[in-house]
Amino acid sequence: MAASVLGFGTTAPAADIKEVQMLHWWTSGGEAAALNVLKQDLGKEGYVWKDVPVAGGGGAGAMTTLKAMVAAGNPPTASQILGYFALDYAEAGKLGDITALATKEGWAKVIPTALQKFTTTNGKWDTVPVNIHSVNWIWLNKAVMEKIGGTEPKTFDDFVALLDKAKAAGVVPLALGGQPWQEATMFDSVIASTGGIEFYKKAIIDLDETALKSDTMKKSFDNLAKLRSYTDPNYAGRDWNLATAMVIRGDALVQVMGDWAKGEFRAANKEAGKDFICYRFPGTDGAVIYNTDMFAFFNVPADRKAAQTALADAAMSKSFQSAFNVIKGSVPARMDVPDTDFDMCGKKGIADVKSANASGKFVGSLAQNYAQPPAVAAAYDDVVTKFFHGEIKTSDVAVTELIKAINNAK
Ligand code: BGC
């Protein structure tokens, strides 16, 4: 009808497609519950949700699927993405432009500057940050903690003493999922604890070779090796949420994990302070080693752009950033969202982000692709996991291999 009104040779613009196709790796109970908030918000606006889930914590599998979709010229409306992966797509000219909405909504004023490095390219917004996670947390079963008479560990040595107590009481001390990304994520915290956050910055953010081959780096590997002795024998290959479940059930004392673990406690109806306890990884209080889940918007046909804008708008609303992050375990990426609805761990998370940001202790996680490009992060994962599983036998060899692998990847 419209075409004939416009006359020969002219076609009316196609109607907007009311569909959101979303690629993500949020497949655990807590993650799915959090994502549901978004599905519902967009459903209210008449959008059909087309889920593209690719299981695998840390997102390696999802990134492989995304790469194939983009290469085939068939990118999703949006994809969950981490830091440097987004920068690579932006550099390759694959991302769209949501600057008009960003300007209208004043996002630049409410998102930490550190994150804007990843959400914008040459001043143009192409992704939105839906949360701030941090990796330097530990999650403890409160009843087990009471049973063994444990108290908050303030240093790495305290932590080892606490794990010893659990071991002596016949409880699995450390619930671990032995997958490369999980071990590397834990190592981020171990480095910051062993050498302090300034050391983390030198070694991991600046890739300063003197720091990377220092005794402090060797000690970090030695500390990582210590943790290995507190796992159960079946840790290899275990998914992160199954490790969380061990703590939830009281089969293990503690898990070292990003605050997506809290989403699992919540999904199991467990309450912070009553059923479980959160502490910063011992020796890292005051610092936040972050990773932010972003939605990247790719170049899509004109009739799919309105869906991107709707998704970006929904994901950046204050109410969504509160509701979603309460369930997800993370904290809002917007600094103007009140902490009212958050539990004690969430309130601490929000306060920590603000103070770490102000004191220069807000640093990206290498394992989670917020410190270096993907190839360097993958090299790190590889060396850490080889060391953890005994293929690299000493911390001396580990630092040499790490420097070699990083230099090859650069
Ligand atoms: C993501 C989290 C997710 C976790 C486990 C991390 O890389 O940032 O949102 O919950 O992986 O799947």
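The values are calculated or read from the model by the stated rules, or taken from the named source; none is laboratory data. All values reported here derive from a predicted model rather than from experimental measurement. Here Cβ is always computed from backbone atoms with ideal geometry, including for glycine, and neighbour counts include all displayed protein chains.
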**Request:** Residues being in a loop (DSSP other than H, G, I, E, B) and under 17 Å from Asp381 (Cβ atoms): count how many of those fall in the range 231-258.
**Result:** 6
**Message:** Just to check your reading of the model, which residue among Asn269, Asn234, Asn299 is surrounded by fewer than 24 Cβ atoms within 10 Å (Cβ to Cβ), on the phi > 0 side of the Ramachandran plot and either away from the ligand (no atom under 13 Å from the Cβ) or not assigned by TED's automatic domain parsing to the domain that holds Ile191 (or both)?
**Reply:** Asn269
**Request:** Determine which member of the set Gly123, Gly30, Gly57 is modelled with pLDDT under 95 and closer than 20 Å to Asp259 by Cα.
**Result:** Gly57
**Prompt:** Here are Lys202, Lys165, Lys213: which of them is surrounded by fewer than 24 Cβ atoms within 10 Å (Cβ to Cβ) and free of Cβ contacts under 8 Å to residues at least 12 places away in the same chain?
**Reply:** Lys202
**Prompt:** Of the residues in the range 40-68, how many are in contact (Cβ under 8 Å) with a residue 24 or more places away in the chain and either under 21 Å from Glu19 (Cα atoms) or not assigned by TED's automatic domain parsing to the domain that holds Ala306 (or both)?
**Reply:** 15
**Selection count, the range 269-305, where residues are in a loop (DSSP other than H, G, I, E, B) and within 21 Å of Lys361 (Cα to Cα)** = 9
**Asked** If we scan the range 249-260, do we find a residue that is away from the ligand (no atom under 13 Å from the Cβ) and on the phi > 0 side of the Ramachandran plot?
**Response** yes
**Request:** Give the residue that is surrounded by the fewest Cβ atoms within 10 Å (Cβ to Cβ), with candidates limited to residues of the range 370-400 that are out of contact with any Phe, Trp or Tyr (no Cβ under 8 Å at 6 or more places or on another chain), acidic (Asp, Glu) and assigned to a helix (DSSP H, G or I).
**Result:** Asp396
**Asked** Which condition breaks for Glu31 when tested against (1) assigned to a loop (DSSP other than H, G, I, E, B); (2) surrounded by 23 or more Cβ atoms within 10 Å (Cβ to Cβ); (3) near the ligand (Cβ under 10 Å from one of its atoms)?
**Response** (1)
**Prompt:** Among Val353, Val363, Val376, which is within 16 Å of the ligand (Cβ to nearest atom), closer than 19 Å to Met186 by Cβ and in contact (Cβ under 8 Å) with a residue 40 or more places away in the chain?
**Reply:** Val363
**Prompt:** Any residue in the range 272-284 that is buried (at least 22 other Cβ atoms within 10 Å of the Cβ), within 16 Å of the ligand (Cβ to nearest atom) and not acidic (Asp, Glu)?
**Reply:** no
**Complete:** Result of the Cβ filter at 7 Å on the range 74-101, keeping first residues that are assigned by TED's automatic domain parsing to the domain that holds Pro112 and partners that are of a type in the set (D, E, K, R) and within 16 Å of the ligand (Cβ to nearest atom), at least 6 apart or interchain, is Gln80/Asp293
